Amino acid sequence: MAILFARSRNLVSILRQNLGLSTILTRRDFSPRPFVFTASQLYSTAFVGPVSSHRHESTAAEIHPGFVQQSDEEDVQELEFPGGKIGYTSEMKFIPESSSRRIPCYRVLNEDGQIIPDSVFIPVSEKLAVRMYEQMATLQVMDHIFYEAQRQGRISFYLTSVGEEAINIASAAALSPDDVVLPQYREPGVLLWRGFTLEEFANQCFGNRADYGKGRQMPIHYGSNRHNYFTISSPIATQLPQAAGVGYSLKMEKKNACAVTFIGDGGTSEGDFHAGLNFAAVMEAPVVFICRNNGWAISTHISEQFRSDGIVVKGQAYGIRSIRVDGNDALAVYSAVRSAREMAVTEQRPVLIEAMTYRVGHHSTSDDSTKYREADEIQYWKMSRNPVNRFRKWVEDNGWWSEDDESKLRSNTRKQLLQAIQAAEKWEKQPLTELFNDVYDVKPKNLEEQEIGLKELVEKQPQDYPPGFHV
(Lines give C-alpha, C1' and ligand atoms only; values in the text may rest on other atoms or scores of the structure.)
Protein backbone atom coordinates (compact mmCIF):
# COMPACT_ATOMS: atom_id res chain seq x y z
CA MET A 1 0.00 0.00 0.00
CA ALA A 2 1.08 3.53 -0.76
CA ILE A 3 0.83 4.58 2.87
CA LEU A 4 3.78 2.37 3.72
CA PHE A 5 6.07 4.89 2.07
CA ALA A 6 5.39 7.33 4.90
CA ARG A 7 7.72 5.20 7.05
CA SER A 8 10.71 6.43 5.13
CA ARG A 9 11.28 10.11 5.89
CA ASN A 10 14.25 10.18 3.57
CA LEU A 11 12.31 9.15 0.49
CA VAL A 12 10.97 12.61 -0.30
CA SER A 13 14.39 14.17 0.12
CA ILE A 14 15.95 11.61 -2.24
CA LEU A 15 13.24 12.14 -4.83
CA ARG A 16 13.70 15.89 -4.70
CA GLN A 17 17.44 15.58 -5.16
CA ASN A 18 17.21 13.06 -7.99
CA LEU A 19 14.29 14.60 -9.83
CA GLY A 20 14.84 18.27 -9.08
CA LEU A 21 11.24 18.71 -7.95
CA SER A 22 10.12 20.47 -4.83
CA THR A 23 6.36 20.30 -5.18
CA ILE A 24 4.17 18.00 -7.25
CA LEU A 25 6.18 15.21 -8.86
CA THR A 26 4.20 15.02 -12.07
CA ARG A 27 1.55 17.18 -13.60
CA ARG A 28 -0.02 17.83 -16.95
CA ASP A 29 0.94 20.95 -18.83
CA PHE A 30 -2.15 23.02 -19.60
CA SER A 31 -0.32 26.11 -20.82
CA PRO A 32 -1.59 27.74 -24.05
CA ARG A 33 -0.09 26.25 -27.19
CA PRO A 34 -0.68 26.50 -30.93
CA PHE A 35 -2.38 23.91 -33.09
CA VAL A 36 -1.70 23.81 -36.84
CA PHE A 37 -4.02 22.09 -39.27
CA THR A 38 -2.25 21.74 -42.59
CA ALA A 39 -4.96 19.53 -44.07
CA SER A 40 -7.32 22.47 -44.37
CA GLN A 41 -4.65 25.17 -44.37
CA LEU A 42 -5.78 26.50 -41.02
CA TYR A 43 -3.46 28.77 -39.17
CA SER A 44 -2.41 28.16 -35.60
CA THR A 45 -4.47 29.62 -32.78
CA ALA A 46 -3.84 29.41 -29.05
CA PHE A 47 -6.26 26.85 -27.69
CA VAL A 48 -5.88 25.82 -24.07
CA GLY A 49 -6.22 22.19 -23.15
CA PRO A 50 -4.94 18.65 -23.44
CA VAL A 51 -3.18 17.76 -26.67
CA SER A 52 -1.86 14.23 -26.73
CA SER A 53 -5.00 12.22 -26.07
CA HIS A 54 -8.63 12.55 -25.13
CA ARG A 55 -8.48 10.34 -22.07
CA HIS A 56 -6.00 9.50 -19.34
CA GLU A 57 -4.60 6.00 -19.51
CA SER A 58 -6.87 3.62 -17.65
CA THR A 59 -5.60 1.59 -14.73
CA ALA A 60 -4.47 -1.86 -15.79
CA ALA A 61 -6.67 -4.53 -14.21
CA GLU A 62 -3.76 -6.86 -13.44
CA ILE A 63 -1.83 -4.25 -11.44
CA HIS A 64 -2.75 -3.77 -7.82
CA PRO A 65 -3.88 -0.12 -7.36
CA GLY A 66 -1.77 0.28 -4.26
CA PHE A 67 1.57 -0.24 -5.95
CA VAL A 68 3.87 2.60 -6.94
CA GLN A 69 5.33 2.38 -10.43
CA GLN A 70 8.19 4.07 -12.20
CA SER A 71 7.15 5.97 -15.32
CA ASP A 72 9.07 5.04 -18.48
CA GLU A 73 8.65 8.46 -20.12
CA GLU A 74 9.56 10.49 -17.08
CA ASP A 75 11.64 9.55 -14.09
CA VAL A 76 8.64 10.10 -11.83
CA GLN A 77 7.02 7.96 -9.17
CA GLU A 78 3.33 7.35 -9.86
CA LEU A 79 0.41 5.78 -8.06
CA GLU A 80 -2.32 3.68 -9.67
CA PHE A 81 -5.93 4.77 -9.15
CA PRO A 82 -9.17 3.84 -10.95
CA GLY A 83 -8.84 6.99 -13.05
CA GLY A 84 -5.27 6.28 -14.11
CA LYS A 85 -1.73 6.99 -12.98
CA ILE A 86 -1.06 10.02 -10.79
CA GLY A 87 2.23 11.36 -9.50
CA TYR A 88 2.44 12.01 -5.79
CA THR A 89 4.09 14.47 -3.45
CA SER A 90 4.76 14.58 0.27
CA GLU A 91 4.05 18.30 0.33
CA MET A 92 0.48 19.30 1.11
CA LYS A 93 -0.27 21.94 -1.48
CA PHE A 94 -3.68 23.19 -2.59
CA ILE A 95 -4.29 24.19 -6.18
CA PRO A 96 -4.70 28.00 -6.30
CA GLU A 97 -8.18 29.34 -6.92
CA SER A 98 -7.04 30.95 -10.17
CA SER A 99 -3.89 31.84 -12.04
CA SER A 100 -2.30 35.19 -11.36
CA ARG A 101 -2.16 35.76 -15.10
CA ARG A 102 -5.39 35.77 -17.09
CA ILE A 103 -5.79 33.73 -20.28
CA PRO A 104 -4.98 36.08 -23.19
CA CYS A 105 -7.59 37.11 -25.74
CA TYR A 106 -6.94 36.21 -29.38
CA ARG A 107 -7.48 39.11 -31.79
CA VAL A 108 -6.46 40.13 -35.30
CA LEU A 109 -7.85 43.63 -35.88
CA ASN A 110 -7.12 46.60 -33.65
CA GLU A 111 -9.79 49.18 -32.85
CA ASP A 112 -8.95 51.10 -36.04
CA GLY A 113 -9.65 48.08 -38.21
CA GLN A 114 -6.00 47.42 -39.00
CA ILE A 115 -4.27 44.04 -38.90
CA ILE A 116 -2.13 43.70 -35.79
CA PRO A 117 1.49 42.97 -36.84
CA ASP A 118 2.42 39.27 -36.85
CA SER A 119 -1.22 38.23 -36.48
CA VAL A 120 -1.98 34.64 -37.40
CA PHE A 121 -5.39 34.24 -38.96
CA ILE A 122 -7.26 32.52 -41.77
CA PRO A 123 -7.35 34.69 -44.92
CA VAL A 124 -10.75 36.00 -45.99
CA SER A 125 -11.49 36.63 -49.66
CA GLU A 126 -13.04 39.84 -50.95
CA LYS A 127 -16.31 38.06 -51.73
CA LEU A 128 -16.55 36.55 -48.26
CA ALA A 129 -15.50 39.73 -46.46
CA VAL A 130 -18.06 41.86 -48.31
CA ARG A 131 -20.82 39.37 -47.60
CA MET A 132 -19.87 39.25 -43.94
CA TYR A 133 -20.03 43.02 -43.68
CA GLU A 134 -23.32 43.21 -45.58
CA GLN A 135 -24.89 40.70 -43.21
CA MET A 136 -23.56 42.52 -40.13
CA ALA A 137 -25.05 45.79 -41.39
CA THR A 138 -28.32 44.04 -42.29
CA LEU A 139 -28.54 42.62 -38.78
CA GLN A 140 -28.06 46.13 -37.38
CA VAL A 141 -30.90 47.50 -39.51
CA MET A 142 -33.15 44.54 -38.72
CA ASP A 143 -32.64 45.00 -34.99
CA HIS A 144 -33.42 48.71 -35.21
CA ILE A 145 -36.62 48.27 -37.24
CA PHE A 146 -38.03 45.40 -35.21
CA TYR A 147 -37.17 47.14 -31.96
CA GLU A 148 -39.12 50.19 -33.10
CA ALA A 149 -42.00 47.98 -34.22
CA GLN A 150 -42.25 46.61 -30.69
CA ARG A 151 -42.18 50.10 -29.22
CA GLN A 152 -45.06 50.97 -31.55
CA GLY A 153 -47.05 48.03 -30.18
CA ARG A 154 -46.99 46.09 -33.44
CA ILE A 155 -45.20 43.08 -31.92
CA SER A 156 -45.19 42.03 -28.27
CA PHE A 157 -41.48 41.51 -27.63
CA TYR A 158 -38.04 41.88 -29.17
CA LEU A 159 -34.40 41.36 -28.31
CA THR A 160 -31.44 42.83 -30.19
CA SER A 161 -27.88 41.68 -30.94
CA VAL A 162 -26.40 45.19 -30.84
CA GLY A 163 -22.69 44.99 -30.06
CA GLU A 164 -22.52 41.29 -30.86
CA GLU A 165 -22.91 41.34 -34.64
CA ALA A 166 -19.38 40.02 -35.25
CA ILE A 167 -20.02 36.90 -33.15
CA ASN A 168 -23.24 36.24 -35.05
CA ILE A 169 -22.02 36.66 -38.60
CA ALA A 170 -18.36 35.65 -38.37
CA SER A 171 -19.18 32.40 -36.55
CA ALA A 172 -21.87 31.58 -39.12
CA ALA A 173 -19.45 32.25 -41.97
CA ALA A 174 -16.94 29.82 -40.48
CA LEU A 175 -19.38 26.90 -40.29
CA SER A 176 -20.64 24.39 -42.81
CA PRO A 177 -24.35 24.41 -43.73
CA ASP A 178 -24.45 20.80 -42.50
CA ASP A 179 -23.41 21.83 -38.98
CA VAL A 180 -26.38 21.80 -36.63
CA VAL A 181 -26.90 25.02 -34.68
CA LEU A 182 -28.56 25.10 -31.27
CA PRO A 183 -28.87 28.82 -30.45
CA GLN A 184 -29.69 30.71 -27.31
CA TYR A 185 -31.68 33.78 -28.42
CA ARG A 186 -29.14 36.41 -29.43
CA GLU A 187 -27.91 34.70 -32.61
CA PRO A 188 -30.40 35.60 -35.37
CA GLY A 189 -27.41 36.56 -37.52
CA VAL A 190 -26.47 32.88 -37.84
CA LEU A 191 -29.90 32.17 -39.32
CA LEU A 192 -29.71 35.29 -41.48
CA TRP A 193 -26.39 34.09 -42.90
CA ARG A 194 -27.89 30.70 -43.73
CA GLY A 195 -30.61 32.23 -45.89
CA PHE A 196 -33.56 32.88 -43.57
CA THR A 197 -35.33 35.80 -45.27
CA LEU A 198 -36.45 39.09 -43.77
CA GLU A 199 -40.02 38.00 -44.52
CA GLU A 200 -39.53 34.82 -42.51
CA PHE A 201 -38.15 36.80 -39.58
CA ALA A 202 -41.16 39.12 -39.73
CA ASN A 203 -43.67 36.26 -39.94
CA GLN A 204 -42.25 34.70 -36.80
CA CYS A 205 -42.26 37.96 -34.85
CA PHE A 206 -45.90 38.55 -35.80
CA GLY A 207 -46.93 34.92 -35.21
CA ASN A 208 -49.07 34.77 -38.33
CA ARG A 209 -50.19 31.86 -40.51
CA ALA A 210 -46.83 31.85 -42.31
CA ASP A 211 -44.91 31.40 -39.06
CA TYR A 212 -43.27 27.97 -38.96
CA GLY A 213 -43.89 27.82 -35.21
CA LYS A 214 -47.63 28.37 -35.82
CA GLY A 215 -47.70 31.39 -33.52
CA ARG A 216 -46.96 29.36 -30.40
CA GLN A 217 -43.67 31.02 -29.56
CA MET A 218 -42.74 34.52 -28.43
CA PRO A 219 -41.19 36.80 -31.06
CA ILE A 220 -37.48 36.14 -31.85
CA HIS A 221 -37.86 32.41 -31.08
CA TYR A 222 -36.86 31.45 -34.61
CA GLY A 223 -36.24 27.98 -35.95
CA SER A 224 -35.69 26.34 -39.32
CA ASN A 225 -35.28 22.67 -40.19
CA ARG A 226 -34.17 23.70 -43.67
CA HIS A 227 -31.23 25.63 -42.23
CA ASN A 228 -30.25 23.12 -39.48
CA TYR A 229 -31.19 25.71 -36.86
CA PHE A 230 -32.98 24.39 -33.78
CA THR A 231 -35.95 26.42 -32.60
CA ILE A 232 -35.04 28.78 -29.78
CA SER A 233 -36.52 28.09 -26.36
CA SER A 234 -36.63 30.56 -23.49
CA PRO A 235 -35.26 28.37 -20.66
CA ILE A 236 -31.58 29.19 -20.25
CA ALA A 237 -28.86 26.67 -21.22
CA THR A 238 -31.19 23.75 -21.98
CA GLN A 239 -29.69 23.61 -25.49
CA LEU A 240 -26.22 22.64 -24.24
CA PRO A 241 -26.92 19.05 -23.11
CA GLN A 242 -29.04 18.72 -26.26
CA ALA A 243 -26.06 19.87 -28.34
CA ALA A 244 -23.92 17.18 -26.74
CA GLY A 245 -26.52 14.62 -27.81
CA VAL A 246 -26.75 16.06 -31.33
CA GLY A 247 -22.97 16.01 -31.65
CA TYR A 248 -22.81 12.42 -30.45
CA SER A 249 -25.50 11.47 -32.97
CA LEU A 250 -23.50 13.06 -35.79
CA LYS A 251 -20.48 11.11 -34.59
CA MET A 252 -22.36 7.80 -34.57
CA GLU A 253 -23.65 8.48 -38.09
CA LYS A 254 -20.12 9.39 -39.20
CA LYS A 255 -21.29 12.73 -40.57
CA ASN A 256 -18.77 15.34 -41.65
CA ALA A 257 -20.43 17.87 -39.38
CA CYS A 258 -20.61 19.05 -35.79
CA ALA A 259 -23.11 20.59 -33.41
CA VAL A 260 -22.63 24.28 -32.58
CA THR A 261 -24.35 25.81 -29.60
CA PHE A 262 -24.40 29.31 -28.11
CA ILE A 263 -24.74 30.54 -24.54
CA GLY A 264 -24.37 33.81 -22.67
CA ASP A 265 -22.13 34.34 -19.66
CA GLY A 266 -25.14 34.18 -17.34
CA GLY A 267 -26.07 30.78 -18.73
CA THR A 268 -22.83 29.32 -17.41
CA SER A 269 -24.34 29.54 -13.92
CA GLU A 270 -26.95 26.99 -14.96
CA GLY A 271 -26.42 23.33 -14.24
CA ASP A 272 -27.09 22.48 -17.88
CA PHE A 273 -23.91 24.30 -18.89
CA HIS A 274 -21.79 21.97 -16.79
CA ALA A 275 -23.79 18.89 -17.75
CA GLY A 276 -23.50 19.75 -21.42
CA LEU A 277 -19.73 20.27 -21.34
CA ASN A 278 -19.09 17.18 -19.25
CA PHE A 279 -21.34 15.00 -21.39
CA ALA A 280 -19.64 16.20 -24.60
CA ALA A 281 -16.16 15.70 -23.13
CA VAL A 282 -16.79 12.20 -21.82
CA MET A 283 -18.54 11.06 -25.01
CA GLU A 284 -15.96 12.85 -27.17
CA ALA A 285 -18.76 14.46 -29.14
CA PRO A 286 -17.99 16.96 -31.93
CA VAL A 287 -19.54 20.07 -30.39
CA VAL A 288 -18.41 23.68 -30.57
CA PHE A 289 -19.61 25.60 -27.52
CA ILE A 290 -19.60 29.37 -28.10
CA CYS A 291 -20.08 31.57 -25.05
CA ARG A 292 -20.88 35.23 -25.64
CA ASN A 293 -19.36 36.83 -22.57
CA ASN A 294 -21.04 40.23 -22.94
CA GLY A 295 -20.64 41.33 -19.34
CA TRP A 296 -24.26 41.21 -18.24
CA ALA A 297 -26.86 38.53 -17.51
CA ILE A 298 -29.80 40.93 -17.71
CA SER A 299 -28.86 43.13 -14.72
CA THR A 300 -26.32 40.78 -13.12
CA HIS A 301 -22.72 41.72 -13.83
CA ILE A 302 -20.13 39.01 -14.48
CA SER A 303 -18.40 39.90 -11.20
CA GLU A 304 -21.48 38.47 -9.48
CA GLN A 305 -21.62 35.40 -11.74
CA PHE A 306 -18.28 33.74 -11.05
CA ARG A 307 -14.84 34.17 -9.49
CA SER A 308 -12.98 32.22 -12.16
CA ASP A 309 -11.04 33.79 -15.03
CA GLY A 310 -14.13 34.03 -17.17
CA ILE A 311 -15.49 31.04 -19.06
CA VAL A 312 -12.47 29.73 -20.96
CA VAL A 313 -10.94 28.03 -17.92
CA LYS A 314 -14.14 26.11 -17.27
CA GLY A 315 -13.67 24.19 -20.48
CA GLN A 316 -10.23 23.13 -19.38
CA ALA A 317 -11.68 21.85 -16.11
CA TYR A 318 -13.81 19.42 -18.11
CA GLY A 319 -10.96 18.36 -20.37
CA ILE A 320 -12.14 20.48 -23.30
CA ARG A 321 -9.79 22.43 -25.54
CA SER A 322 -10.67 26.12 -25.22
CA ILE A 323 -9.84 29.59 -26.51
CA ARG A 324 -10.68 33.16 -25.57
CA VAL A 325 -11.28 35.48 -28.51
CA ASP A 326 -12.13 39.15 -29.05
CA GLY A 327 -15.81 38.84 -29.94
CA ASN A 328 -15.81 42.32 -31.50
CA ASP A 329 -13.14 41.29 -34.01
CA ALA A 330 -14.82 39.56 -36.97
CA LEU A 331 -11.57 38.17 -38.36
CA ALA A 332 -10.55 36.70 -35.01
CA VAL A 333 -13.98 35.14 -34.47
CA TYR A 334 -13.98 33.68 -37.97
CA SER A 335 -10.52 32.15 -37.57
CA ALA A 336 -11.24 30.76 -34.09
CA VAL A 337 -14.60 29.23 -34.99
CA ARG A 338 -13.35 27.74 -38.24
CA SER A 339 -10.35 26.20 -36.44
CA ALA A 340 -12.58 24.92 -33.63
CA ARG A 341 -14.97 23.42 -36.14
CA GLU A 342 -12.07 21.64 -37.87
CA MET A 343 -10.90 20.20 -34.55
CA ALA A 344 -14.39 19.06 -33.58
CA VAL A 345 -15.02 17.26 -36.88
CA THR A 346 -11.60 15.78 -37.64
CA GLU A 347 -10.60 14.90 -34.07
CA GLN A 348 -14.10 14.12 -32.78
CA ARG A 349 -13.82 16.30 -29.71
CA PRO A 350 -15.69 19.25 -28.15
CA VAL A 351 -14.20 22.75 -28.18
CA LEU A 352 -15.15 25.80 -26.10
CA ILE A 353 -14.86 29.38 -27.37
CA GLU A 354 -15.28 32.35 -25.04
CA ALA A 355 -16.04 35.43 -27.14
CA MET A 356 -15.42 38.62 -25.17
CA THR A 357 -17.89 41.36 -26.10
CA TYR A 358 -20.41 43.82 -24.66
CA ARG A 359 -24.21 43.88 -24.80
CA VAL A 360 -24.83 47.41 -26.04
CA GLY A 361 -28.60 47.09 -26.18
CA HIS A 362 -31.00 46.48 -23.32
CA HIS A 363 -31.44 42.83 -22.43
CA SER A 364 -34.79 42.97 -24.21
CA THR A 365 -37.70 45.34 -24.74
CA SER A 366 -38.75 44.44 -21.19
CA ASP A 367 -35.53 45.86 -19.75
CA ASP A 368 -34.07 49.31 -19.08
CA SER A 369 -30.34 48.75 -18.66
CA THR A 370 -29.68 52.37 -17.64
CA LYS A 371 -31.11 51.37 -14.24
CA TYR A 372 -28.05 49.24 -13.49
CA ARG A 373 -25.22 50.58 -15.70
CA GLU A 374 -23.98 53.99 -16.72
CA ALA A 375 -25.15 55.53 -19.99
CA ASP A 376 -21.57 56.66 -20.69
CA GLU A 377 -20.41 53.06 -20.50
CA ILE A 378 -23.00 51.99 -23.06
CA GLN A 379 -22.12 54.87 -25.35
CA TYR A 380 -18.41 54.06 -25.17
CA TRP A 381 -18.95 50.50 -26.37
CA LYS A 382 -21.47 51.60 -28.97
CA MET A 383 -19.16 54.15 -30.57
CA SER A 384 -15.55 53.27 -29.71
CA ARG A 385 -15.69 49.46 -29.61
CA ASN A 386 -18.31 48.87 -32.31
CA PRO A 387 -17.59 45.55 -34.11
CA VAL A 388 -19.41 46.57 -37.30
CA ASN A 389 -17.47 49.82 -37.64
CA ARG A 390 -14.18 48.04 -36.98
CA PHE A 391 -14.76 45.44 -39.68
CA ARG A 392 -16.03 48.10 -42.10
CA LYS A 393 -12.77 50.02 -41.74
CA TRP A 394 -10.81 46.93 -42.68
CA VAL A 395 -13.02 46.17 -45.69
CA GLU A 396 -12.83 49.80 -46.85
CA ASP A 397 -9.04 49.90 -46.44
CA ASN A 398 -8.87 46.93 -48.80
CA GLY A 399 -10.86 48.89 -51.38
CA TRP A 400 -13.80 46.49 -51.21
CA TRP A 401 -16.43 48.90 -49.83
CA SER A 402 -17.43 52.53 -50.33
CA GLU A 403 -19.74 55.11 -48.84
CA ASP A 404 -22.05 54.66 -51.83
CA ASP A 405 -22.24 50.91 -51.14
CA GLU A 406 -23.05 51.66 -47.53
CA SER A 407 -25.87 54.05 -48.37
CA LYS A 408 -27.47 51.68 -50.89
CA LEU A 409 -27.26 48.66 -48.59
CA ARG A 410 -28.86 50.30 -45.57
CA SER A 411 -31.53 52.05 -47.65
CA ASN A 412 -32.52 48.87 -49.50
CA THR A 413 -32.48 46.77 -46.33
CA ARG A 414 -34.69 49.23 -44.50
CA LYS A 415 -37.14 49.28 -47.42
CA GLN A 416 -37.27 45.47 -47.59
CA LEU A 417 -37.84 45.20 -43.84
CA LEU A 418 -40.69 47.70 -43.82
CA GLN A 419 -42.31 45.83 -46.69
CA ALA A 420 -41.84 42.51 -44.86
CA ILE A 421 -43.46 43.93 -41.72
CA GLN A 422 -46.41 45.33 -43.65
CA ALA A 423 -46.93 41.99 -45.37
CA ALA A 424 -46.63 40.07 -42.09
CA GLU A 425 -49.26 42.26 -40.47
CA LYS A 426 -51.74 41.47 -43.26
CA TRP A 427 -51.48 37.74 -42.80
CA GLU A 428 -54.19 36.12 -40.69
CA LYS A 429 -53.29 34.80 -37.29
CA GLN A 430 -53.07 31.10 -36.59
CA PRO A 431 -56.44 29.51 -35.71
CA LEU A 432 -57.06 28.70 -32.09
CA THR A 433 -57.05 24.96 -32.84
CA GLU A 434 -53.27 25.12 -33.38
CA LEU A 435 -52.87 25.54 -29.63
CA PHE A 436 -53.97 21.94 -29.20
CA ASN A 437 -52.39 20.22 -32.19
CA ASP A 438 -49.00 18.58 -32.77
CA VAL A 439 -48.64 17.27 -29.22
CA TYR A 440 -50.51 13.94 -29.24
CA ASP A 441 -51.18 11.58 -32.12
CA VAL A 442 -54.69 11.15 -30.75
CA LYS A 443 -55.93 14.13 -28.78
CA PRO A 444 -56.85 13.05 -25.20
CA LYS A 445 -60.29 13.80 -23.78
CA ASN A 446 -59.10 16.40 -21.24
CA LEU A 447 -57.43 18.39 -24.01
CA GLU A 448 -60.60 18.25 -26.12
CA GLU A 449 -62.56 19.60 -23.16
CA GLN A 450 -60.09 22.48 -22.74
CA GLU A 451 -60.36 23.33 -26.42
CA ILE A 452 -64.15 23.41 -26.29
CA GLY A 453 -64.08 25.57 -23.18
CA LEU A 454 -61.70 28.09 -24.76
CA LYS A 455 -63.78 28.34 -27.94
CA GLU A 456 -66.90 29.06 -25.87
CA LEU A 457 -65.03 31.79 -23.99
CA VAL A 458 -63.87 33.49 -27.20
CA GLU A 459 -67.38 33.39 -28.65
CA LYS A 460 -68.81 34.78 -25.44
CA GLN A 461 -66.32 37.65 -25.09
CA PRO A 462 -65.05 38.48 -28.62
CA GLN A 463 -64.16 42.03 -27.58
CA ASP A 464 -61.23 40.66 -25.50
CA TYR A 465 -59.49 39.22 -28.56
CA PRO A 466 -57.77 40.98 -31.48
CA PRO A 467 -59.54 41.52 -34.83
CA GLY A 468 -59.10 38.65 -37.23
CA PHE A 469 -58.74 36.14 -34.42
CA HIS A 470 -60.04 32.77 -35.63
CA VAL A 471 -61.42 30.02 -33.49
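One table, with the values for the structure above:
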{"read-out": "Rough spin-label spacing in nm, given labels placed 7 Å along Cα→Cβ, for Arg154 and Arg131", "value": "3.0"}
{"read-out": "Inter-centroid distance (Cα atoms) of segment 415-471 relative to segment 115-175, Å", "value": "33"}
{"read-out": "Surface accessible to a 1.4 Å probe, Asp178 within the full protein complex, Å²", "value": "100"}
{"read-out": "Long pairs among Lys255/Lys314; Lys214/Lys393; Lys214/Lys460; Lys93/Lys314; Lys127/Lys382, criterion Cα-Cα beyond 30 Å", "value": "Lys214/Lys393"}
{"read-out": "Within straight-line cross-link reach of Lys251, aspartates and glutamates at Cα separation under 17 Å, skipping those fewer than 8 residues along the same chain", "value": "Asp178, Asp179, Glu284, Glu342, Glu347"}
{"read-out": "Alpha-carbon centroids, segment 398-414 and segment 201-274: separation in whole Å", "value": "32"}
{"read-out": "Gyration tensor (alpha-carbon) shape descriptor, segment 126-426, a/c threshold 1.5", "value": "rounded"}
{"read-out": "Accessible area in the full protein assembly, largest first, 1.4 Å probe, for Leu454, Leu159", "value": "Leu454, Leu159"}
{"read-out": "Test item: Cα-centred dipole of segment 420-471, Lys/Arg +1 and Asp/Glu -1 on Cβ, debye", "value": "100"}
{"read-out": "Extension gain, Trp427 back to Asn412 (0.36 nm per residue minus Cα-Cα distance, nm)", "value": "3.1 nm"}
{"read-out": "Cut-off 12 Å between beta-carbons: net charge of the residues surrounding Gln114, Lys and Arg +1, Asp and Glu -1", "value": "-2"}
{"read-out": "Per residue, in Å², the accessible surface of segment 126-426 once ligands and nucleic acids are set aside, probe 1.4 Å", "value": "37"}
{"read-out": "Rough spin-label spacing in nm, given labels placed 7 Å along Cα→Cβ, for Arg373 and Ser269", "value": "1.5"}
{"read-out": "Carbon plus sulfur fraction of accessible area for segment 126-426, probe 1.4 Å, in percent", "value": "48"}
{"read-out": "Qualifying GluC sites (Glu not before Pro) for segment 203-291 [loop in DSSP, other Cβ within 10 Å: at most 10]", "value": "Glu253"}
{"read-out": "Loop-located chymotrypsin sites (Phe, Trp or Tyr not before Pro) in segment 340-388 whose Cβ has at most 13 other Cβ within 10 Å (DSSP)", "value": "Tyr372"}
{"read-out": "Where GluC sites (Glu not before Pro) fall in DSSP loop in segment 355-460, at most 13 other Cβ within 10 Å", "value": "Glu374, Glu428"}
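The values are calculated or read from the model by the stated rules, or taken from the named source; none is laboratory data. Given the structure is predicted, the values throughout are model-derived calculations rather than measurements. Positions of Cβ are backbone-derived with ideal geometry, glycine not excepted, and every protein chain shown enters the neighbour counts. What goes into the accessible areas is simple: the full protein's heavy atoms, side chains included, and nothing from ligands, DNA or RNA. Shrake-Rupley method; radii C 1.70, N 1.55, O 1.52, S 1.80 Å.
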